[in-house]
1. Please work out which one of (1) of a type in the set (D, E, K, R); (2) modelled with pLDDT of 90 or more; (3) closer than 20 Å to G23 by Cβ; (4) open to solvent by 20 Å² or more (accessible area, probe 1.4 Å) is the condition D190 fails and give its number.
2. Out of all the residues in segment 61-72, which are in contact with a strand residue (DSSP E or B) (Cβ under 8 Å, 6 or more places away or on another chain) and either crowded, with 21+ Cβ neighbours inside 10 Å or of a type in the set (G, A, S) (or both)?
3. Considering only segment 18-30, I want to know if a residue exists there that is of a type in the set (G, A, S), over 15 Å from P179 (Cα atoms) and in contact (Cβ under 8 Å) with a residue 24 or more places away in the chain.
4. Those residues that are crowded, with 21+ Cβ neighbours inside 10 Å, among the β-branched types (V, I, T) and not in a loop (DSSP other than H, G, I, E, B), I need them from segment 77-127; list them, please.
5. Select the helices (runs of 4 or more DSSP H) contained entirely in segment 18-76, then report the ones holding at least 1 residues which are closer than 15 Å to I97 by Cβ.
6. Give segment 73-115 a look and list any residue that's of a type outside the set (F, W, Y), in contact with a Gly (Cβ under 8 Å, 6 or more places away or on another chain) and modelled with pLDDT of 85 or more, or say none.
7. Please go through (1) at pLDDT 95 or above; (2) over 15 Å from the mean Cα position of the chain (by Cα); (3) surrounded by 15 or more Cβ atoms within 10 Å (Cβ to Cβ); (4) of a type in the set (S, T, N, Q) for T58 and return the number of the only condition it doesn't satisfy.
8. Sort out which residues of segment 15-48 are open to solvent by 40 Å² or more (accessible area, probe 1.4 Å) and in contact with a Leu (Cβ under 8 Å, 6 or more places away or on another chain), and write them in order of number.
Amino acid sequence: MLSEGRRINCYWSSQKILLVGEGDFSFSACLARAFRTATNIVATSYLDEDSLVYKHWTCVPHLEELERLGGLLLYEVDVYKMHIHPILKKMKFDVIIFNFPHAGHFDYLCERDTELIEMHKDLVRAYFVGASKMLNEGGEVHIRHRDDDPYHTWNVVLLATEAGLKLKEKLPFQKTQFPGYHNKRGGNIDTNKTFPIGFSCTSKFVLDLPKVDDDGSYHQNKGEIYDDHDNDLSKKDGSVDHQDHDHLDVQVVDMKNHVQKEHTKNDDDLVKKDVVFDEHDDVDGVSKIDEGESELLKKDEADNDFLKISECSSPPPPFHVFLPHLSLSLL
């Protein structure tokens with residue numbers, strides 16, 4: 001995969017990038033500002049354009065910026081059918097990204113309920129299946145997700161394995177690495193508000209291609225079952241690749257220590273950071289967000305109560321909202 005040109009975090013301006021389920025398109029715009037171009041970016045929403053502007057009014061400056069920089073914006077894109085979308089089916093990508101997928105908020109369900117967990121898993125599984133058919137050679141499928149309880153029960157690594165993908169890397173996610181990005185709830189409940197991301201990770205997957213034996217014959221790499229919790233990689237036959245296991249154990253410990261320190265240090269400012277734009281968004285040459293968006297967000301600050309989502313004792317439902325039973329596209 002190409003890694004040339006301008007860069008922000010693990011993304012390069014030389015990569016063809018598809019963003020699935022954008023909320024207010026702030027993540028896409030963040031990449032475009034860093035690249036100083038959006039000609040390599042395709043950003044999608046499950047909403048039609050009018051509904052997007054109504055539910056995510058802060059998207060307006062981001063959409064304008066992406067269009068000005070040459071990005072392709074697609075609306076009403078269904079994650080379950082994205083690989084056969086009239087435009088997307090003709091394209092291949094170096095990186096496909098889905099930030100905080102979520103199957104929806106319901107008055108009668110909380111995040112620990114099995115029914116809702118299965119809905120989340122169906123959505124993520126559909127994303128992996130579609131994305132696996134849309135990659136260039138060497139391409140990667142990225143997903144950002146909470147990895148604390150109960151979200152680790154989604155077991156995204158196993159879902160990816162079922163779709164023919166294998167885990168390449170799992171890293172802690174910090175919003176400060178992407179100036180101007182603000183995660184949005186979506187759906188029909190406090191749509192444009194942010195949500196706590198807790199202990200979140202970026203998991204990167206690649207195609208699990210058949211291995212070539214010395215005699216030239218192929219065999220599929222099957223038999224590995226992954227337990228995503230604590231990043232344990234255990235073989236189906238009970239054996240363990242100790243080199244990979246030790247490496248990932250150290251990586252996960254480092255992740256948790258790092259994130260814990262960040263949360264302890266910034267816990268009191270969590271809501272404030274998630275709702276308003278950081279004064280220090282101008283990082284590494286990336287221009288600040290349009291000040292007009294900050295004004296649009298002020299209406300959310302007064303009543304930004306993240307815990308007013310469910311009567312359950314679980315954490316507030318993070319992630320963007322999806323309603324697969326209506327065959328909605330991505331947020």
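1. All conditions are met except number (2).
2. Across segment 61-72, the qualifying residues are L63, L66, G71.
3. Yes, that holds for at least one residue.
4. V79, V95, I96, I97, V124 - these are the residues of segment 77-127 that are crowded, with 21+ Cβ neighbours inside 10 Å, among the β-branched types (V, I, T) and not in a loop (DSSP other than H, G, I, E, B).
5. 26-35, 60-68
6. V79, K81, M82, H83, K92, D94, V95, I96, N99, P101, listed by residue number.
7. Only one criterion is unmet by T58, namely (1).
8. Hits for segment 15-48 are R36, T39.
The values are calculated or read from the model by the stated rules, or taken from the named source; none is laboratory data. Since we're looking at a predicted model, the values are computed, not measured. Here Cβ is always computed from backbone atoms with ideal geometry, including for glycine, and neighbour counts include all displayed protein chains. Just so you know, the surface numbers come from the protein's heavy atoms only, side chains and all, with ligands and any DNA or RNA stripped out. Shrake-Rupley method; radii C 1.70, N 1.55, O 1.52, S 1.80 Å.
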